[in-house]
Amino acid sequence: MNKIFKYLLLGVMAVCFTAPVAAKVEAAKIAVVPLIVNVKDDGGMNAILYSDACAKLFKYPDFDFVDTDLVKKAAAAQTNVFSKAGMQAIMDASGADIVVAMSVDKFDWKEDRMRQAPMTILDLRGKFSTLNRLTGKYQHENWVNDAQLESEAISPRNDFPHQEFSRTVRVELKKAAK
């Protein structure tokens, strides 16, 4: 009987000592600047792919989105959103811990049928910046995607340029989430 009480007391003490350590961590507030498209974008497909990737990567228990209208107003007031000062101004105006911004400056592709196997050649370019208040880290990158794919085996319903853009967005956002 004495052993049972010792183990019970040991269990209660373990719970008492670990309870303060197991406090919940608050979600980081993230401000996602809407995609800045500097090229013709039929139907807004690039913006849809960007917002979808953000929603899938930055989920609620870890991240909490800042109001989009507040972020749009703060971004519109900046002359250069991708500079550290511009990102800091958006962060201060929105009260976010992390700010993410991306642009598409070139979205071209061509079908090269003069080869033995026809190729789809992409030329996608843009900018990506992130500022993290928690780590103090600022990153700015000019991203490029110049992928090629044999297009004779592609289904007519396959949208290779937008699939590659979506992959590029996911890669850049995963870098920001680290």
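Take Asp64, Asp112 and sort them by solvent-accessible surface of the protein heavy atoms, 1.4 Å probe, largest at the top.
Numbers: Asp64 60, Asp112 35 Å².
These residues rank, largest area first, as Asp64, Asp112.
Could you work out the relative contact order of the range 26-177, using alpha carbon pairs under 8 angstrom and six or more residues apart, expressed as a whole percent? Write down the numbers at each step before the final one.
Details: 265 pairs, mean separation 36.8, N = 152.
This gives 24 percent for the range 26-177.
Over the alpha-carbon set of the range 26-177, work out the extent along each principal axis and list the three values in angstrom, largest first.
So the extents along the principal axes, rounded to whole Å, are 55, 33, 27.
Provide the packing ranking of 34-45, 88-99, 73-84, i.e. peptides ordered by the mean count of other C-beta atoms within 10 Å per residue, highest first. Don't skip to the end; give the middle numbers.
Working: 34-45: 13.2, 88-99: 20.2, 73-84: 15.0.
By packing density, highest mean first, the sequence is 88-99, 73-84, 34-45.
On full extension of the chain, what length is gained from Gln148 through Met119, given 0.36 nm per residue of separation minus the C-alpha to C-alpha distance?
9.8 nm
Could you work out what % of the accessible surface of the range 19-178 is carbon and sulfur, using a 1.4 angstrom probe and leaving DNA, RNA and ligands out of the count? Please list the in-between numbers first.
Values: 4900 of 9480 Å².
Looking at the range 19-178 in its full context, I get 52 percent from C and S.
Output the relative contact order of the range 93-133, whole-number percent, from Cα pairs under 8 angstrom with separation of 6+ residues.
It comes to 50 percent, rounded to a whole number.
Run the reach check for Lys174 against aspartates and glutamates, Cα to Cα strictly under 16 Å, same-chain hits fewer than 8 apart removed. What comes back?
Asp52, Asp62, Glu141, Glu164
What is the calculated FRET efficiency for Arg133 to Asn158, with r their C-beta to C-beta distance and R₀ = 45 Å, to the nearest 0.05?
Details: r = 41 Å, r/R0 = 0.91.
It comes out at approximately 0.65.
The values are calculated or read from the model by the stated rules, or taken from the named source; none is laboratory data. Quick caveat: nothing in here was measured; it's all calculated off a predicted structure. Neighbour counts are summed over all protein chains in view; Cβ atoms, including those assigned to glycine, are modelled from backbone coordinates with ideal geometry. Protein only, heavy atoms only, side chains kept; ligands, DNA and RNA dropped before computing areas. Shrake-Rupley method; radii C 1.70, N 1.55, O 1.52, S 1.80 Å.
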